[in-house]
Amino acid sequence: MTIRVLVVDDQAIVRDGLVTVLSLVPDLEVVGEAADGAEAVEAVGRDRPDVVLMDLRMPGVDGPTATARITAAHPEVGVLVLTTFADDDSIVTALRAGARGYLTKDAGRTEIATAIRAVASGQATFDASVGARLVAQLGGPPSASAAPSPGVRDRFPDLTPREADVLERIAAGRSNPEIAAELFLTVPTVKSYVNQVFAKIGVRSRAEAVALVLRS
């Protein structure tokens, strides 16, 4: 399946570079470009992309505002942030606006393409530096033997301790195989836990789970 991508950045040279790079990936198709958030919102309605590659800081309508408008009007469209900034405020603001993923602009073509595919399939994805900051937001790096941070347990009291373990790792950007390795579980068992967690907290995707944890 070809994934349709909209590229949003206020710098023309960055847009041109991204379009060139993504055009070399067989399963990706750039269907449009936008120079600011207002243009992005209009382009989503017109070009119907599967994924929006979104800059954060732009004149006029910025990335988080555009992301919130896009995800409200077109929940089927995934927004992947690609920005220079990886501070806590930028990350949390983007995820609360509805972004499914967050990369910094030092990401290479393979990493960007992989993240676009993940976002298109409804997964949450973050680069290593962003994942580390998300862990810090949750109170420190989780370990297989340690109890999940009190914040997760307190905010989601319906979860069992193991389900809270899983949710904490989802919010830190871990994949199912990574969660399985950390908790000494099988991948099918992790998938079962993920489904149980989603049902209990009322979300349908990893991105929604991350946003809920950060918003709570």
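Within region 60-91, can you find the residues that are out of contact with any Gly (no Cβ under 9 Å at 6 or more places or on another chain), open to solvent by 20 Å² or more (accessible area, probe 1.4 Å) and of a type outside the set (D, E, K, R)? Residues satisfying the conditions are T84, F85, A86.
Does A107 fit the bill of being open to solvent by 20 Å² or more (accessible area, probe 1.4 Å), more than 19 Å from A35 (Cβ to Cβ), outside any helix (DSSP H, G or I) and in contact with a strand residue (DSSP E or B) (Cβ under 8 Å, 6 or more places away or on another chain)? So A107 does not fit the description; no.
Among the residues of region 79-95, those that are among the charged types (D, E, K, R) and part of a helix (DSSP H, G or I) comprise D88, D89.
Residue-level check: of (1) out of contact with any Asp or Glu (no Cβ under 7 Å at 6 or more places or on another chain); (2) farther than 21 Å from A209 by Cα, A107 misses just (1).
Taken over region 84-100, residues that are closer than 23 Å to I13 by Cα and either touching a Ser or Thr at 6+ places or on another chain (Cβ under 6 Å) or modelled with pLDDT of 90 or more (or both) amount to 1.
Residues that are hydrophobic (A, V, I, L, M, F, W, C) and part of a loop (DSSP other than H, G, I, E, B) were ranked within region 170-216; the one that is surrounded by the fewest Cβ atoms within 10 Å (Cβ to Cβ) is F184.
Restricting attention to region 115-164 and to residues that are in a loop (DSSP other than H, G, I, E, B), at pLDDT 75 or above and open to solvent by less than 30 Å² (accessible area, probe 1.4 Å), the residue that is nearest to P75 (Cα to Cα) turns out to be G122. Of the residues contained in region 46-53, none is found to be open to solvent by 30 Å² or more (accessible area, probe 1.4 Å), of a type outside the set (K, R) and free of Cβ contacts under 8 Å to residues at least 40 places away in the same chain. Identify the residue in region 23-45 that is of a type in the set (D, E, K, R) and under 15 Å from I112 (Cβ atoms) and, among all such residues, is most open to solvent (accessible area, probe 1.4 Å). Among those residues, the one meeting the criterion is E29.
The values are calculated or read from the model by the stated rules, or taken from the named source; none is laboratory data. The model shown is predicted, which means the values in this text are computed figures rather than measured ones. For neighbour counting, all protein chains shown are included, and Cβ atoms are generated from backbone atoms with ideal geometry for every residue, glycine included. With ligands, DNA and RNA removed, areas are computed over all heavy atoms of the protein, side chains included. Shrake-Rupley method; radii C 1.70, N 1.55, O 1.52, S 1.80 Å.
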